[in-house]
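The values are calculated or read from the model by the stated rules, or taken from the named source; none is laboratory data. Everything numeric here is computed off the predicted structure, so don't read it as measured data. We place every Cβ from the backbone using ideal geometry, glycine too, and count neighbours over all the protein chains shown. To get the accessible areas, we keep the full protein, side chains included, count just its heavy atoms, and leave off ligands, DNA and RNA. Shrake-Rupley method; radii C 1.70, N 1.55, O 1.52, S 1.80 Å.
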Amino acid sequence: MWRRAFGLVLLGAASAILGAAASVALSSDSLGAASVATPRCTAAGLTVFQNLSAGTVISVTIGSLPTTCGGATLQATVNDGVTSGSGSASVPAGGGSVTVTLGSAPVVTAAEQTDLVVLGP
């Protein structure tokens, strides 16, 4: 008997939630979109070196960073198809190079993907 009562209470609660969602009014009859130009600290080529230990990538050193990237946060991710290791580090004020230590160490393979993202400054 208590199962039937619990089921009815659950059904009533679900009906109330669906009813509340159905009564939400939309304020617009159209969709909008916008685009914003994203500034870059560099469009030049960067050097990327994978630092290895026992056949795995433990960190990535990124060089040729200009002073305009100083103070930014650099995120690096290495993916070997099985393991994805990522980390972040701050770019020095004068630019130069920065080493990003990865949280997990992907195995060195013939086909790896290394992604870099610069946030800021």
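Counted residue by residue at 0.36 nm each, then reduced by the alpha carbon distance between them, the extension gain from Ala110 to Thr67 reaches 12.1 nm. Taking θ as phi - 60° and the Karplus parameters 6.51, -1.76 and 1.60, the scalar couplings of the range 105-115 work out to 9, x, 6, 5, 10, 6, 10, 10, 10, 10, 10 Hz in sequence order, x denoting glycine and proline. Simple spin-label estimate for Ala54 and Thr42 gives 3.3 nm between the two label positions (7 Å along the Cα-to-Cβ direction from each Cα). Computed over protein heavy atoms with a 1.4 Å probe, the accessible surface of the range 48-121 works out to 50 Å² per residue.
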